[in-house]
Amino acid sequence: MDIPTTVRRRTIIVNARGMLIEGDLTLPEEASIMVVMFGGLENARYEESFLQLAGALAAENIATLIIDPYTPEEWAHEDHAGDVYERVARLGTRMVAAVDGLVDDSDIGGCRLGLLGRELGAAASVKVATARPSRIHAIVSVSGRPDLAGQQTLLQLRTPTLLVVGEHDHIVLDANRHAANLMKGRYQLAVIPSGTHRLDHSPYSERVARLASDWYHEHLGHIPG
């Protein structure tokens, strides 16, 4: 799907409580919805699959910001074998700071915000939404592990959450079912037939983009109050 010509793209610097991190902004001219996209195991800004998803959302008049939550120096020291709950907590704290920093950008400050997280980014998205419920109005998890946000955080979550999982991604599917059972707010578990862990790749990526776009338009198109 081609990005409309009435789209601006630029790299922005986000001040996350004094730590300057980068993000790639795709902004359709008439967009009033912004989705902050990030992973958790690696920098998603240069991944073709994330770029394609951003393009598909832009075609639906949804702005996206693919954000790199850490500086290059921090990535170099990130302990990928460390305690997963500590890593989720660290990522969640950084992304809360990043969301707070977005209000300073003239193109973003007025947009209604949603999150899209993959892998550990899904758990961090839950933490951000519970910490900033007045700012985050929808979450989409793609092949994510929202269960790693922890039981208490999931019980507090009220943000509408879409969980997209491949049918054959058995461990992640079980983890998402467990997380969904703890959610008190609105949620939907969308299981992609024949899907594996890499749902952001063809032939599943278009289905994921459509599910995400519909979810964001439903929950970000009008914010009560």
Item to check | Pair LEU155, ARG186: separation of 7 Å Cα→Cβ label points (nm) | outcome: 2.5 nm
Next on the checklist: If each residue of separation counts as 0.36 nm, what is the full-extension length gain between TYR85 and ILE171 once their alpha-carbon separation is subtracted?
Outcome noted: 29.2 nm
Checklist outcome for this item: For region 98-107, in residue order, the Karplus 3J(HN,Hα) values (coefficients 6.51, -1.76, 1.60; θ = phi - 60°; whole Hz; Gly and Pro = x) are 5, 4, 4, x, 5, 5, 7, 8, 5, 7
Next on the checklist: From the phi angles alone, apply the Karplus equation (6.51, -1.76, 1.60; θ = phi - 60°) to region 152-163 and give each ³J(HN,Hα) in whole Hz, x where the residue is Gly or Pro.
Outcome noted: 5, 5, 5, 5, 7, 5, 10, 6, x, 10, 9, 10
Checklist entry - What ranking do 116-129, 133-146, 157-170 get when scored by the average of other Cβ atoms within 10 Å per residue, highest first? => result 116-129, 133-146, 157-170
Checklist entry - Based on Cβ point charges of +1 for Lys and Arg and -1 for Asp and Glu, what charge dipole magnitude is obtained for the chain about its Cα centre, in debye rounded to the nearest 20? => result 760 debye
Item to check | Ranked list, fewest to most other Cβ atoms within 10 Å of each Cβ, for THR93, THR11 | outcome: THR11, THR93
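Quick one: Cα convex hull volume of region 7-220, Å³ per residue? Spell out each step's value before the answer.
Values: hull volume 22.7 nm³, N = 214.
Expressed per residue, the convex hull around the Cα atoms of region 7-220 is 106 Å³.
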Item to check | Summed side-chain charge close to LEU113 - residues other than LEU113 whose Cβ falls under 13 Å, Lys, Arg +1, Asp, Glu -1 | outcome: 0
Checklist entry - Which one of PRO69, GLY23, ALA138 has its Cα pushed farthest toward the positive end of the charge dipole of region 1-143, where Lys and Arg give +1 and Asp and Glu give -1 at the Cβ? => result ALA138
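Taking neighbour Cβ counts within 10 Å as the exposure measure, how do HIS77, HIS178 sort from fewest upward?
Going from least to most buried by this count: HIS77, HIS178.
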Next on the checklist: Per DSSP helix of 4 or more residues, -39500 (n - 2.57); summed, then divided by the residues of the chain. What does that give at 222 nm, rounded to the nearest 500?
Outcome noted: -11000 deg cm²/dmol
Checklist entry - When only C-alpha pairs under 8 Å and at least 6 residues apart count, what is the relative contact order of region 7-220, in percent? => result 18 percent
Checklist entry - In the chain, what % of DSSP beta bridges are antiparallel (nearest 5)? => result 35 percent
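Quick note: the coordinates plus some simple rules give every number you see, no bench work behind them. Only a predicted model underlies this, so the values are computations on that prediction, with no experimental measurement involved. Reconstructed Cβ throughout: ideal geometry from the backbone, glycine too, with neighbour counts over all protein chains shown.
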